[in-house]
Structures are given as structure tokens and as C-alpha cells.
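J.: Got a structure for you, questions after.
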Amino acid sequence: MGKEERKKREKKRRCNQIIDAAEQVIFSKGLEKATMDEIAEEAELSKGTLYLYFENKTELYIAITQRGSDMLNSRFTKIFSEAHDQKGLELIREMGETYLDFVREYPNYFTAFMYYESLSDLDALEDSTYAKQCNQNKREDLNFMVRALQIGMQDGSVDDSYEPKELATIIFASTRGLTAMAHASGRGLHAELLEEIEVGMSTIFENFLNLLVKGMASEKELHNSKDG
């Protein structure tokens, strides 16, 4: 192994060490209350060393966002790499279930996703390699959905009167809205509303996926499902 390769590996190892520490502090205290001093202490590094790798707390949080985004993207990739003669409609349902399961399993990453999407300083984001990877992952995830829709339109399971890219955008937007409500359940106005109408999030998720799949299914697919 050459000297440059060793430097790259050491830099990557140190970055991961810092991101691990940032997750521990930020996930336990919240982004606003967490400090760079606490993150440096958790990472067992000096504050000066911390700033050699990350300019500020926001950049660190974007790095956390990228880590979560990479994990979700790898799950979508796995769906398609392991797909064997699955109908497009089945792939769409599996993507939906995978996304919702990810949010349940890693709610802190979903919080990071929402924070990242709320950032308005686009120039600062353009200079961040972490932000660039987050954006690339989002494009790939959307393309996965477009691909699933196209497969469904070709195999006859999805209504081909829709434009795949538009429908994929609608699916992602509605799924994100539902998961945001689920993420907020147990506190605030969403909690009061759900308690008032006596609806559980698990039921909402299942009904949402059923509505989503049936809404885009072709007449032939609906007919086959009734016969089955």
C-alpha cells in the first residue's frame, strides 16, 4: 500500500470516527443543543482536529444525512439486484415497505433528511461533497421508482396512461408526507389529531400502500387480483 493510499484510508477512518461521535451526541441531545466541544470529546479528539475535517456542526449533520441516505439507497439497490421476474407493481410495494421500515428503524436519520431538505443556502450545499452525495442518492432513488413503474407498464401491472417520472414524483412526495406524520406521532398536533380520530400509524401505512398500489394498477391487474 502506497503512502497516498494510507493517507486516504486514515482520513476516511478519522471522518467515520467523528461522524460516529456526532451521531451519539446529536441523536441524544438534538442538533440545537449539541456542541462541537461535546462531539470532539466523544470522538476523543481535540476541537482543532475536529475542525480540520468539518467546518461546522451543519456540515457534520449533512455528513450524518449522507450516511443515512447511503443506507436507504443500498436497500433500494438490493431490491432490484435480487428481483427475479417480479412485476413492477410488486417492486413498487416493496420499495414503499422498505422506505417505511427504514424510517421506523432509523427515525434519527429521517430527522436529518428533513433538516437537510429545509436548508436554503444552496451555494453552501454546492460546496459540500456530503450534500452532493445526498443529492445523487435522491436522484438514484427516484430513478429506481421510475424504473419500477416502467417495468410495471411493460408487464401490464401498472396503468400505462401515467407518465412515469411524474407518477414517481407524486409517490415520493406523498410517502414523505406520511412518514413525516408518523415521525411526529406521539407529540404535537399530529398526536392529538390521531388520538382524536382513533387511528394508528400501522393501519395508516398498510392502507396507504394498498391505496397506492391499487390506484396505479392496470385494469388487467385489478381483474387478476380479484380472480386470485
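The values are calculated or read from the model by the stated rules, or taken from the named source; none is laboratory data. Predicted model only: the values in this text are computed from it and were never measured. All Cβ positions, glycine included, derive from the backbone under ideal geometry; neighbour counts span all protein chains shown. To get the accessible areas, we keep the full protein, side chains included, count just its heavy atoms, and leave off ligands, DNA and RNA. Shrake-Rupley method; radii C 1.70, N 1.55, O 1.52, S 1.80 Å.
J.: What FRET efficiency would be calculated for the residue pair ARG14, ALA83, taking the C-beta separation as r and a Förster radius of 35 Å, to the nearest 0.05?
T.: That pair, ARG14 with ALA83, gives E of 0.40.
J.: Now for a different question. For the chain, what is the relative contact order in percent, using Cα pairs closer than 8 Å and at least 6 residues apart in sequence?
T.: 19
J.: Residues with beta-carbon under 12 Å from that of ASN137, excluding ASN137: net charge, scoring Lys, Arg +1 and Asp, Glu -1?
T.: It works out to a net charge of +2.
J.: So how strong a dipole does the chain carry about its Cα centre when Lys and Arg Cβ are +1 and Asp and Glu Cβ are -1, to the nearest 20 debye?
T.: My answer is approximately 900 debye.
J.: Using only the Cα atoms, work out Rg/Rh for the range 66-108, with Rh taken as the Kirkwood radius, to two decimals.
T.: On the Cα set of the range 66-108, Rg over Rh gives 1.01.
J.: A follow-up question, please. Angle check, please: helix 88-105 long axis (alpha carbons) against the longest principal axis of the chain (alpha carbons), in degrees 0 to 90, nearest 10.
T.: 40
J.: So, R0 is 30 Å and r is the distance between the beta-carbons of LYS165 and ASN135; what FRET efficiency does that work out to, to 0.05?
T.: 0.95
J.: What does the accessible area per residue of the chain come to in Å², with a 1.4 Å probe and no ligands, DNA or RNA counted?
T.: So the chain comes to 59 Å² accessible per residue, rounded to a whole number.
J.: Using the structure shown, list the pairs from LYS78/LYS220; LYS132/LYS165; LYS3/LYS138; LYS3/LYS132; LYS47/LYS132 with a Cα-Cα distance above 23 Å, or answer none.
T.: LYS78/LYS220; LYS3/LYS138; LYS3/LYS132; LYS47/LYS132
J.: Something else: Let me see the P(r) profile for the range 1-54: every Cα-Cα distance counted, bins of 10 Å, each bin given as a percent of all pairs.
T.: Binned Cα distances yield the sequence 26, 47, 20, 7, 1.
J.: Also, I was wondering about something else. Bin by bin, in steps of 10 Å, what percent of the Cα pairs in the range 56-225 do you find, going until the bin that has the longest distance?
T.: 9, 34, 33, 20, 4, 0
J.: Considering only protein heavy atoms and a 1.4 Å probe, what is the carbon-and-sulfur percentage of the accessible area of the chain?
T.: 49
J.: Right, something else. Which FRET efficiency value, to the nearest 0.05, do you get for GLU41 and ILE204 by plugging their Cβ-Cβ distance into 1/(1 + (r/R0)^6) with R0 = 30 Å?
T.: 0.15
J.: Compute log10 of I(q)/I(0) for the range 3-153 with the Debye formula, placing one identical point scatterer on every Cα and leaving out solvent, at q = 0.17 Å⁻¹, to two decimals.
T.: Each listed q maps to, in turn, -1.00.
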